[in-house]
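Here, each number is a calculation from the coordinates, and none is a lab measurement. Computed from a predicted model, the values in this text were never measured in an experiment. Quick reminder, even Gly has a Cβ in these numbers, built from the backbone with ideal geometry, and neighbours come from all protein chains shown.
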Amino acid sequence: MKINDLILSTASIIIGAIVIISSLSMKASVAFFPKLSASFLMILGVILLATTLLKKLELSKNEKVNKFDVQKVIRVALVIAILFAYYLAINFLGYTIPTFLLIFTIVYVLDYRNLKANLMTSLGVSIGLYLIFTYIFQVHFPKGLFF
Amino acid sequence: MSSILMGLQAIMNPQTLLFILAGVLIGFIIGALPGLTGNMAIALMVPVTFTMEPVAALAFLGAIYTSSIFGGSVSAILLGIPGTVSSMATTLDGYPMALKGKAGQALGIATLSSVFGGLFSSFVLMFFAPMLAEQALRFGPSEYFAVAVLGLSCIANIGGGSMTKGLISGALGLLLAIIGMDPQTGFPRFTFGSVNLLEGIELVPALIGLFGIVAILKTAEKSNEPDRSVPIPDVGSVWIGWKMCLRLIPTWLRGSVIGTIIGIIPGTGTNIATFLSYDMEKKFSKNGPKFGEGEPEGIAAPESANNGVTGGSLVPLLALGVPGNATSALFLGAIMIHGLRVGPVLFSDQPEIVNGLFISLFISNLLMAPIGLFILRYIKSILSIPDKLLSGVVAAFCVTGVYALNSNTFDLLILIVFGFLGYVFYKFKVPTAPLIVAMVLGSMAESNLRQALVASRGSYSFLYTQPITLFIVLASLASFLFPVINNIIKTKAMFKSAAAEATSEMAVEDDD
């Protein structure tokens, strides 16, 4: 986990620095808390960096090299992309169709190959949720092109 | 007595009782499914409570909370996989007992232990929270600032694993709490020109992202791994007999007391309570050496402790407005969407809501036994639902619930961003609980500090001139420094032993 810790510590220092620099243009009272929290984050980043580098020799003997699984990354990225596409589509296509597609594609991307069960679940859940939230909870979903 | 009657009056209507029943069912099933947690169940159901009466909403979520922790024991016993983190210790004796062909007995012990622990902690919550809230009525901004700092000081403990990473998570939570308008001047901070961020980051979409979306991404990650499903043993009779009940009463009492006390302390959690209770029982019990081989006390201790945490963890939230863990932060989100304020004001302004919640927790715990025992008949079918198919359903619940909160698609973006953030945290082994607690307490600390500073004309003297503030600040310092010092001592010891090892190795080489 050494590389992960190095990335995390560096990111903490960079984020802290960005917040402090951005706070410079604010009034002192407004900038107090952001500066305090960012300084705290930077200090922790430095501590993590130092401890990670100090452990270098000790760990390098036993550390396992994590294999980078491309398939895993692609699948996770695809799920996030589907969710993002849903966010973009809901205003144009309404609620039911994007929700049906969201369930169906996520289940498919997760390697579930029983298409009949997937189709039935996607259809049942999207229509069921639409009816429950519209008629019981009185939620107004975007209308979109269809319904 | 009048408060009990008030609570009963608020709860005793068919609709609310039906919501409690539904909550127990939902919580139990979600808790039993490995990979789906109680927190995720609460997060997904918070938007559903939007249109309910506040009493019914909190009763529904309380029922999910208590029964999901109990539900976690089912997969721990039958599959050897804890359904929730709180059931990890139950696996140690529950699974071996199931392998011996006593799955029904193990589940029966878990059921009754959970009910005992839950009832005990509800009782403590009912009497302790109002007392604490009464004291907190005297609190002003300086005391509330100190209380928020006390809550924040505990984030070093919440993480589990690396303390530095837990603190980094907390610091990021503080930065996220800053987003939005400054509490006094209204100056927009880090809103990136977005009107949607002026009020800050919506807590509930963020929490649903951190619990719901992360669960889907975790399933996505392991979906190409070979199926390691284990055969589910037959459950059989779950009644353990009166003799066993009498034998387990001392264990239940010890477990419930430990769970409730640990639950009250902000920053602790069910996993600490269960392992502490298990460890203590191992020392107390005459069958201690047999622990790990399927001892009844090895199941009863952690199960009474984890349900003991439920009521305890709500004490600081309800009495002081301070969420001590992720679950109470979810409750805070649910209370906030009803436009209510937590803390002593809730006790004085809306006593029927608080007392209703207390009574509903009693009812939920009592319902857990018959409902749990009934569902256990169908547990094989429930546990065989493919998690990949469930992930699609969870995704639909996440997006629908989040949109339903404000009918604003921007909340969906928050959901996705926090889901991704939670996944990054998971990959980097950074705990999310400190982030959540800091997000809530950060703004509380800042606004109260600013108010206290205005009252004291810019002087920080209120930190040591006001006795309650001083006491809480000192307690915060102790709470923060104790794990830090403990960590330093441990690290020093580690380096010392490494150095000693290296010296002895060198000596051996010299001898050679």
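Label-to-label distance for residue B:455 and residue A:81 is 5.5 nm, based on points extended 7 Å past Cα in the beta-carbon direction.
Modelled this way, with points 7 Å down the Cα-to-C-beta line, the labels at residue A:7 and residue B:366 are 5.3 nm from one another. Ranked by the mean number of other Cβ atoms within 10 Å of their residues, highest first, the peptides B:308-315, A:46-53, B:186-193 come out as B:308-315, A:46-53, B:186-193. Its DSSP H runs of at least 4 residues, each contributing -39,500 (n - 2.57), put the calculated 222 nm mean residue ellipticity of chain A at -25500 deg cm²/dmol, to the nearest 500. Working ranking of peptides B:363-371, A:22-30 by packing, defined as the average number of other Cβ atoms within 10 Å per residue, highest first, is B:363-371, A:22-30. Counting only alpha carbon atoms, the long axis of helix A:2-23 and the longest principal axis of chain A meet at about 90°. Note on chain A: with charges restricted to the Cβ of Lys and Arg (+1) and Asp and Glu (-1), its dipole about the Cα centre is near 200 debye. The residue among B:8, B:150, B:311 whose Cα reaches farthest toward the positive pole of the charge dipole of chain B, with charges on the beta-carbon of Lys, Arg, Asp and Glu, is B:8.
Near residue B:102, which lysines are there with a Cα under 17 Å away, not counting those fewer than 8 places off in the same chain? Qualifying lysines at Cα under 17 Å: B:243, B:290, B:380. Each residue in B:272, A:18, B:213, B:335 was given a count of other beta-carbon atoms within 10 angstrom of its own, and listing them fewest first yields A:18, B:272, B:335, B:213. Rounded, prolate or oblate: pick one for segment A:70-136, where a ≥ b ≥ c are the square roots of the eigenvalues of its C-alpha gyration tensor, a/c under 1.5 means rounded, and failing that, prolate if a/b is larger than b/c, else oblate. Verdict is oblate for segment A:70-136. A Förster radius of 22 Å combined with the Cβ-Cβ distance from residue B:15 to residue B:338 puts the calculated FRET efficiency at roughly 0.85.
Applying 1/(1 + (r/R0)^6) with R0 = 56 Å to the Cβ-Cβ distance of residue A:111 and residue B:137, what FRET efficiency is obtained, to the nearest 0.05?
On the way: r = 56 Å, r/R0 = 1.00.
My answer for the efficiency is 0.50.
Spacing of the modelled spin labels on residue B:4 and residue B:293, each 7 Å from Cα toward Cβ, amounts to 4.5 nm. When the helices of chain B are scored as -39500 (n - 2.57) per DSSP H run of n ≥ 4 and the total is divided over every residue, the value at 222 nm lands at -24500 deg cm²/dmol. The ranking of B:154, B:398, B:245 by Cβ neighbour count inside 10 Å, starting from the fewest, reads B:245, B:154, B:398. Segment residue B:99..residue B:381, full-extension length gain: 99.6 nm, with 0.36 nm per residue of separation and the alpha-carbon distance subtracted. The value of relative contact order for segment B:3-145, using C-alpha pairs under 8 Å at least six residues apart, is 20 percent.
Under unit Cβ charges (Lys, Arg +1; Asp, Glu -1), what dipole magnitude, rounded to 20 debye, does the protein assembly as shown have relative to its Cα centre? Let's see the in-between values first.
Numbers: 39 positive and 33 negative charges, 76 e Å.
About 360 debye.
Treating only the Cβ of Lys, Arg, Asp and Glu as charged (+1, +1, -1, -1), what charge dipole size does segment A:2-62 show about its Cα centre? Round to the nearest 20 debye. Present the calculation step by step, with values, prior to reporting the outcome.
Details: 6 positive and 2 negative charges, 11 e Å.
Its charge dipole is roughly 60 debye.
When each of the peptides B:115-123, B:93-101 is scored by how many other beta carbons lie within 10 Å of its residues on average, the order from highest to lowest is B:115-123, B:93-101. Which part of segment A:69-107 falls in the paramagnetic zone of residue A:140, meaning amide N under 18 Å from the point 7 Å along Cα-to-beta-carbon? Hits in segment A:69-107 for residue A:140 at 18 Å: A:90-96.
Take the alpha carbon gyration tensor of chain B, find the square roots of its eigenvalues, order them as a ≥ b ≥ c, and report rounded if a/c is under 1.5; if not, report prolate when a/b exceeds b/c, else oblate.
Numbers: a/c = 1.40, a/b = 1.15, b/c = 1.22.
Cα axes put chain B in the rounded bin.
Distance between the C-alpha centres of segment B:104-129 and segment B:343-391: 13 Å, rounded to the whole angstrom. Positive-end ranking of B:259, B:233, A:96 along the dipole of the protein assembly as shown, with charges on Cβ about the Cα centre, is headed by A:96. First check a/c for the protein assembly as shown, with a ≥ b ≥ c the square roots of the eigenvalues of its C-alpha gyration tensor; if it is under 1.5, answer rounded, and if not, answer prolate when a/b is larger than b/c or oblate otherwise. Judged from the Cα gyration tensor, the protein assembly as shown comes out rounded (a/c under 1.5).
Given a Förster radius of 51 Å and the C-beta distance between residue B:464 and residue B:51 as r, what FRET efficiency does 1/(1 + (r/R0)^6) yield to the nearest 0.05? Intermediate results must be reported in sequence, preceding the final value.
Working: r = 48 Å, r/R0 = 0.94.
Efficiency, from the Cβ-Cβ distance: 0.60.
Per residue of B:422-431, count partner chain C-beta atoms within 10 Å of its C-beta, then hand back the mean as an integer.
Details: counts 0, 3, 3, 1, 0, 4, 6, 4, 2, 0.
Mean shielding count: 2.
Residue by residue along B:181-187, Cβ atoms of other protein chains within 10 Å of the local Cβ number 3 on average. Quick one: Cα centre-to-centre distance for segment B:228-289 and segment B:431-456, in angstrom? Using only Cα atoms to place each centre, the spacing works out to 36 Å. The slack in the chain from residue B:489 to residue B:284, taken as 0.36 nm per residue of separation less the alpha-carbon distance, amounts to 70.9 nm. The mean number of Cβ atoms from other chains found within 10 Å of a Cβ in peptide A:120-131 is 2, as a whole number.
Between segment A:16-58 and segment B:162-212, how far is it from one alpha carbon centroid to the other, in angstrom? Taking the Cα centre of segment B:162-212 as reference, the centre of segment A:16-58 is 16 Å away. For chain A, the longest principal axis of the alpha carbon atoms and the long axis of helix A:70-93 meet at an angle near 50°.
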